[in-house]
Each structure stands twice: as structure tokens, then as C-alpha cells.
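Everything below concerns the one structure shown next.
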Amino acid sequence: MKGDTSKVERVNPDLDIDEHVDAQEKGWQFQAIGMYCILVFVVCAAVGLFGNGFVSKSRRFNADANVEYQQFLRYEAQSQIRIQAISKQGLTLSFPAEYLAKFEIVSIVPQPDKTRFEESRVLYSFDGHDQFDITIYSEPKHLGNVKGSLDVNGSRFHLTHFIFP
Amino acid sequence: MNPVLRGLVVYLFVFIIFRILGKRSLSEITTFDFVLLLIISETTTNALIGDDFSLTACFIMVCTLIGVDYLFSVIKEKVSWFQVASEGAPLVIVDSGKPLKKRMEKSKVDVEDVMEAARLTQGLQHMHEIKYAVLERDGSISIVPMSKK
């Protein structure tokens, strides 16, 4: 063992055991790599690579509307889309039906005054004027990439998600 | 997700995590470790069953976990390298009264652990009274005392 401190001691005990020292050394290497992987996984989760963090948070906006949503979601874990908009004659939000089929809408706050289906899109209409602040709570029911769009009074915002299992 | 697939994925994940932690991780459970284990099992349960509380889902999950565990035990019996890879092998950590430092360091065992095992199992007081100390596959330390002349 002289000059090599990384290798473990080799012994020849008077015992009826098979130590598999080479395999044990591979096992220790696996443990060390595994601990680094766990660390990387936790850091990625902390910054939001698996949802609920600044890496995941996405914002789309124009002059009249601001849409905030999470890009990375987890299967059946509740997430939210927040829409802030200015309008003088009510507000209409619409999603493609195909997009909504991949989510379960848990609630919309405040509740829409009217819901209708038109040209393969689901429309939610809100009465009122000036400032609107609407939050849609939903749960993903699909895995992998999901693309969709949200129309806010006709202005289109593209939404992309990746849903983890 | 299909409950069988869910059970299989969770089993493999827990299996790999505990392999990474090493054999000493569960051999000596402190009160905190015990509480941590309860939290882990509770978290795992949620991922296993989701919001399906039916008896059928429960039966599927129990059968899947027991089935995979049985399959693993059969493979371990038939394929020796798989047993070594999954559970490790016994390792001598004290040879003729001399602690094998590198082996102990890699296995996360210290002299205190060895002396504790020596006191508890053999009533030994000193390191030079130990002929061999072996870290077993389950993480326990077995002591072979020096033969009395």
C-alpha cells in the first residue's frame, strides 16, 4: 500500500469469508457519485427545475395583459396561471379545448360570469371594467411536453409546460 | 400512471437511495433516524397510491412490491455479483488488533463503533484484544476475540 493511499488495505484473514474487495470499492465509488447526484437533484428542485421556483416561473405580457404561469409542473400537483389585465368592456379568456383536456381545472378565482365553447376553444367571460386579476388553479393530467395558448381579449399568449411524473 | 409501474419505480428508487446511503445507514437507528424514516415512508405512500384509495389499488400495490422484492431475492440467490452489488459483502475492518483505517473510512465506521460492538458482544476492553472485526452485510459489526493462551 506504500505510495497509494486511495486503495484500501489488502488483508488475508483466517476467516471463511469472501470480501469481494474490488466490488466493495466499486460500491463506494457508486455511493460517492450517488451522493453528488442527490445533491444536484436537490439543488435543481430548490431552484424550481421540477416546478414551484424561479427557473419554472414564466411571464408573458403585452400592453394590456400580464400572464404568469409555471413552465415545469408535476403530475396531479396543483399549479396556477395568473392573469392581470386592463379592459374597459369586460374580459374574455380562451384556451384550446385540446390544451384543457390535459388539465383538470380546479377553480377559477373570481368565477367567470359565462363559459362557452367556440371554434375548439373554451371561453371564459368576466363582466366588469378596468383592472382584472384572475387566477386559474389546475392539476396536470398528462405527462411530458404540453403546448397551448391563452387568448386574453383576443391577444394570444403561448404557454409551454413540461410535466414531470 | 399505472399502479404496477408506480410501485416498480418507487421500489427501484428507494432501493438505489438506500444503496447510496450504505450499509451503516440503518444498522443503528437513532430517534431522529426513526422519525426521518417515518417521514420518508409517509411521503412514499402518497406517491405510491396518489388519490386512488380503492381496495384494488391497495392489493395491486402490495402484490407489486412483494413481487419485485421476491424477484430481487431470487436474482440475488442465483447471481452472486448482483447480491454483492445490491447488498455489499462482509468486510474485515480490524485485523489482529490493528484498525484498517482506509476500510473503516470508506465504510463510515470509526474505532468507537468497533469498541462498542466489542464491549457489547464480547465484553472486550481494548483494541488489542480483538483478532478480527467484520462489518457484516446488514451493517452490524461482529467481533472475533484473540484466542486466550
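Some notes on this structure:
- Across the range B:70-86, rounded Karplus estimates of 3J(HN,Hα) from the backbone phi angles (6.51 cos²θ - 1.76 cosθ + 1.60, θ = phi - 60°) give 5, 4, 5, 5, 5, 4, 4, 5, 7, 10, 5, 5, 5, 5, 5, 5, 8 Hz, Gly and Pro being marked x.
- Amide H within-cut-off set for B:V94, under 5 Å, with H built and near neighbours excluded: B:L100, B:A133
- Fluctuation leader among B:V35, B:V92, B:V84 - chain B, Gaussian network, Cα springs under 10 angstrom: B:V35
- Sites B:L38 and A:H129 - FRET efficiency at Förster radius 45 Å, r taken between beta-carbons, to 0.05: 0.25
- Long pairs among A:K57/A:K102; A:K57/A:K147; B:K23/B:K106; A:K26/B:K23; A:K26/B:K102, criterion Cα-Cα beyond 18 Å: A:K57/A:K102
- Among the residues of A:11-20, the average count of other protein chain beta-carbon atoms within 10 Å of the residue beta-carbon is 6.
- Fluctuation leader among A:D18, A:D113, A:D130 - chain A, Gaussian network, Cα springs under 10 angstrom: A:D18
- Seen through its C-alpha gyration tensor, with square-root eigenvalues sorted a ≥ b ≥ c, the range A:55-112 comes out oblate because a/c lies at 1.5 or above while a/b is not bigger than b/c.
- In order through the range A:74-86: 3J(HN,Hα) via Karplus (6.51 cos²θ - 1.76 cosθ + 1.60), integer Hz, x for Gly, Pro: 10, 3, 6, 9, 5, 9, 9, 10, 10, 10, 10, 9, 10
- Residue by residue along B:10-17, Cβ atoms of other protein chains within 10 Å of the local Cβ number 1 on average.
- Per-residue mean of C-beta atoms belonging to partner chains within 10 Å, peptide A:151-162: 0
- Rg(Cα)/(2.2 N^0.38 Å) for the protein assembly as shown, N = residue count: 1.48
- Rounded if a/c under 1.5, otherwise prolate or oblate - the range B:1-112, Cα gyration tensor axes: oblate
- Considering only A:P13, A:P96, A:P110, the mean-square fluctuation computed in a Gaussian network model of chain A, springs between alpha carbons under 10 angstrom, is largest for A:P13.
- The GluC sites (Glu not before Pro) of the range A:73-138 meeting both criteria, a DSSP state outside H, G, I, E and B (loop) and at most 10 other C-beta atoms within 10 angstrom of the site's C-beta, are A:E119.
Every number in this text was worked out from the coordinates using simple rules, so none of it is lab data. Please read these numbers as outputs of a predicted model, since none were measured by experiment. Heads up, the Cβs are rebuilt from the backbone with ideal geometry, glycines too, and the neighbour counts pull from every protein chain shown.
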